[in-house]
Amino acid sequence: MKRTKIADLIQNPTYGQEVNIKGWVRTKRGSKHVAFIALNDGSCIHNLQVVAGVEDFDADLLKEITTGASLSVIGILVESQGKGQTMEVQAKEIKLYGTADPDTYPLQKKGHSMEFLREIAHLRPRTNTFGAVFRIRHNMAYAIHKYFHDHGFYYIHTPIITASDAEGAGQMFQVTTLDLENLPRTESGEVDYSQDFFGTETNLTVSGQLEGELAAMALGAIYTFGPTFRAENSNTPRHLAEFWMIEPEVAFIEIEENMDLAEDFLKYLITWALEHCADDLQFLNNMIDKGLIERLRSVVKKDFVRLTYTEGIKILEAAVAEGHKFEFPVYWGADLSSEHERYLVEQHFQAPVILTDYPKEIKAFYMKQNDDGKTVRGMDVLFPRIGEIIGGSEREWDYDKLVAHAKNMGVPVEKMQWYMDTRRFGTAPHAGFGLGFERLILFVTGMANIRDVIPFPRTPNNANF
């Protein structure tokens, strides 16, 4: 008999008809006469109760049906007479696929810490919390592709292995086939990368932006959505070594339209979550973050505040003068920390903020320089609880300015000529931004640690699973 998912039965109950459901046992309870089995198949947050008469099934079979076991059940779907559920299946046939020894199965019916669940990341999707998180993650990925497709963007696959450092940060994972115990050397004693697989030093990418710009200058509007990597030795709730980035690039727009795109994009995604992930969000709102749904709704209905970095610094300096304590100093030229960003969003404006026109010394070489000679047309979108969720800019499209600024910042221009060429051949205004996918999921789910919104987190000293 064909299986029916629990989510489909909840949406379209076929009472009185025979159904086949399959899933994993969450709990089993009962009496001498009847067993009540809560089954979950991952299609939704809800379990479906299976009612099995003790006399109708082999006692050894019922004994082996414990938390974590997987089953196939054929029975009649009926409206439930008991509390806690609207429907249940009166079992006629039960097939046990796999048992789970209650003495060793780690997900028994009790509370588990997030730290413990990270240690068993291969099993944590079976919990209600992580099932909800990963269904929301899927929905957000789908909504991202739908938004860009509906708005005329083209999806571009940019390289994961690269010889360039888009951010100039230098915190990259090296890719090599050289024998690390017997490295080839040049006459000057340096590693001879001409003997490596690609004939040059290569790394895992930190961004697909630079290649994305090249595509935008031909296709008009593109986006990338792929894994990125940063070898930053940072053990914080906001950092991963492997994470996913969404990076749109658009030709013939400037900073104002870039801000419009970012705001519309984020509101679309959050609205999608509210409309299509209601049950999972309600569960997370009840169990993880009591203010989650209200915060999501607030971001959707409020206009994002737009102000310059200089105006933001003045607000923060005024807060310090009034006695507010920040861990990190506030001054013009400082790279704002999360505490500064969250103060602007959560306390001063109580709305998302788009901060623009940063000092050029603290931003990447490719950002469009303003006429004041001091600032660039960068933009950061700041959210409650998260701080920066989007970073972007209008890109410098003047060849001479781009080359000069790159040299001043120590960027190896000779290796970046392929990027500079778009400023030589048909240059045009263009802009884009990067959205950290995991930071988006952090905000949408209300989870506190970024390691809990990706199935298998990669962090310093941890590449398990």
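The values are calculated or read from the model by the stated rules, or taken from the named source; none is laboratory data. Quick caveat: nothing in here was measured; it's all calculated off a predicted structure. Note: ideal-geometry Cβ built from the backbone for every residue, glycine included; neighbour counts use all protein chains shown. Protein only, heavy atoms only, side chains kept; ligands, DNA and RNA dropped before computing areas. Shrake-Rupley method; radii C 1.70, N 1.55, O 1.52, S 1.80 Å.
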Item to check | Number of the condition not met by A132 [criteria: (1) touching a helix residue (DSSP H, G or I) at 6+ places or on another chain (Cβ under 8 Å); (2) farther than 30 Å from K63 by Cα; (3) crowded, with 19+ Cβ neighbours inside 10 Å] | outcome: (2)
Item to check | So T186, is it more than 24 Å from G434 (Cα to Cα) and not hydrophobic (A, V, I, L, M, F, W, C) | outcome: yes
Checklist outcome for this item: Those residues of segment 323-346 which are in contact with a helix residue (DSSP H, G or I) (Cβ under 8 Å, 6 or more places away or on another chain), open to solvent by 10 Å² or more (accessible area, probe 1.4 Å) and not aliphatic (A, V, I, L, M) amount to H324, F326, E327, F328, Y331, W332, G333, D335, Y343
Checklist entry - Could you list, in sequence order, the residues of segment 183-225 that are in a loop (DSSP other than H, G, I, E, B), surrounded by 14 or more Cβ atoms within 10 Å (Cβ to Cβ) and small (G, A, S)? => result S207, G208, G220
Checklist entry - Just to be sure, is W244 in contact with a helix residue (DSSP H, G or I) (Cβ under 6 Å, 6 or more places away or on another chain), in a helix (DSSP H, G or I) and touching a residue at least 60 places away in the same chain (Cβ under 8 Å)? => result no
Checklist entry - Do we have F148 as closer than 20 Å to P455 by Cα, buried (at least 17 other Cβ atoms within 10 Å of the Cβ) and aromatic (F, W, Y) here? => result no
Item to check | Options P102, P106: the member that is loosely packed, with under 12 Cβ neighbours inside 10 Å and either modelled with pLDDT under 95 or farther than 19 Å from S43 by Cα (or both) | outcome: P102
Checklist entry - Can you name the residue in segment 151-182 that is exposed (fewer than 14 other Cβ atoms within 10 Å of the Cβ), over 22 Å from the mean Cα position of the chain (by Cα) and of a type outside the set (A, V, I, L, M, F, W, C) and is also modelled with the lowest pLDDT among such residues? => result G170
Checklist entry - Say we look at segment 373-383 and pick out the residues that are open to solvent by 20 Å² or more (accessible area, probe 1.4 Å) and at pLDDT 95 or above; which of these is farthest from F443 (Cα to Cα)? => result K374
Next on the checklist: Could you tell me how many of the residues in segment 414-441 are touching a residue at least 60 places away in the same chain (Cβ under 8 Å), assigned to a helix (DSSP H, G or I) and of a type in the set (A, V, I, L, M, F, W, C)?
Outcome noted: 5
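Just to check your reading of the model, which residue among A221, A251 is of a type in the set (A, V, I, L, M, F, W, C), in contact with a helix residue (DSSP H, G or I) (Cβ under 9 Å, 6 or more places away or on another chain), closer than 18 Å to W418 by Cα and touching a residue at least 40 places away in the same chain (Cβ under 8 Å)?
One residue alone meets the criteria, A251.
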Checklist entry - out of contact with any Lys or Arg (no Cβ under 7 Å at 6 or more places or on another chain), surrounded by 14 or more Cβ atoms within 10 Å (Cβ to Cβ) and touching a residue at least 40 places away in the same chain (Cβ under 8 Å): does that describe E79? => result no
Checklist entry - Quick one: would you say T205 is within 28 Å of H430 (Cβ to Cβ) and in contact with a helix residue (DSSP H, G or I) (Cβ under 7 Å, 6 or more places away or on another chain)? => result no
